[in-house]
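Worksheet for the structure shown next.
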Amino acid sequence: MWETERLTIRPWRAEDRDRAFDLYARWEVARWLGAAPRVLESPQEAAAMIERFRGRSADPRYGVWAVERRDTGVVAGSVLLVPMPDGDGEVEVGWHFHPDSWGHGFATEAARAVVAKGFADGLAEILAVVRPGNEPSMAVCRRLGMAPLGRTDRWYGTELEAFRLGRPQE
């Protein structure tokens, strides 16, 4: 668990199930996620998803974490730092936020903290992949200073916009 100016980034917990369901059961969120986007259909699916998120943290360098607003204690969304599927060691930063938390800079703030953690843990570069048309997420990539690499279907079995950020030179 760590904190930014406005956020606490922490593991997802079982008691976050209802908020996770409210987030991932929304088409306006789910439409941008995965090769075949779909919404969660039950709170039980949300509980299973939280367990999967928690299981991604076996290597302490990586994970899918809840992003909690420090002022309200409400989970605003998720931030992730994970190895890319079918990759050659590439690592991805990503974010999924509830619509009630859009437009406040939370995704950029959380992603910036996770990127800093990744670089502190020795990563040389971090990628992001965004479904074409997801302009708000592409704007987050730009705010993070990520360079656009163009479209690729290299990961996730669908065409995505790829972005790259190299470790800052000391």
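The values are calculated or read from the model by the stated rules, or taken from the named source; none is laboratory data. Since this is a predicted model, take the numbers as computed values, not measurements. Cβ sites come from the backbone with ideal geometry, for glycine too, and all protein chains shown count toward neighbours. These area figures cover heavy atoms from the full protein model, side chains too; ligands, DNA and RNA do not enter into them. Shrake-Rupley method; radii C 1.70, N 1.55, O 1.52, S 1.80 Å.
Okay, residues lined up against (1) in a helix (DSSP H, G or I); (2) over 16 Å from residue 34 (Cα atoms); (3) aromatic (Phe, Trp, Tyr):
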| site | (1), (2), (3) |
| --- | --- |
| 59 | no, yes, no |
| 64 | no, no, no |
| 68 | no, yes, no |
| 72 | no, yes, no |
| 78 | no, no, no |
| 86 | no, no, no |
| 93 | no, no, no |
| 116 | yes, yes, no |
Inset, instruction - Name, by its number, the condition in (1) over 16 Å from the mean Cα position of the chain (by Cα); (2) farther than 19 Å from residue 107 by Cβ; (3) open to solvent by 50 Å² or more (accessible area, probe 1.4 Å) that does not hold for residue 48. - result: (3)
Legend entry - Conditions (1) buried (at least 19 other Cβ atoms within 10 Å of the Cβ); (2) free of Cβ contacts under 8 Å to residues at least 40 places away in the same chain; (3) among the hydrophobic types (A, V, I, L, M, F, W, C); number of the one not met by residue 97: (2)
Legend entry - Members of region 46-73 that are at pLDDT below 95 and of a type outside the set (A, V, I, L, M, F, W, C): 51, 52, 54, 55, 56, 57, 59, 60, 61, 62, 63
Inset, instruction - Hey, could you check region 126-135 for residues that are free of Cβ contacts under 8 Å to residues at least 60 places away in the same chain and surrounded by 14 or more Cβ atoms within 10 Å (Cβ to Cβ) and say which is nearest to residue 37 (Cα to Cα)? - result: 129
Inset, instruction - Quick one: in region 69-126, of everything that is basic (Lys, Arg) and more than 13 Å from residue 8 (Cβ to Cβ), which residue is nearest to the chain's Cα centre (by Cα)? - result: 112
Inset, instruction - Determine, yes or no, whether residue 162 is in contact with a Ser or Thr (Cβ under 9 Å, 6 or more places away or on another chain) and within 28 Å of residue 22 (Cβ to Cβ). - result: no
Inset, instruction - Kindly check whether there is at least one residue in region 69-83 that is touching a Leu at 6+ places or on another chain (Cβ under 6 Å) and under 19 Å from residue 140 (Cα atoms). - result: no
Inset, instruction - Scan region 13-38 for residues that are in a loop (DSSP other than H, G, I, E, B) and at pLDDT 95 or above and jot them down. - result: 13, 25, 26
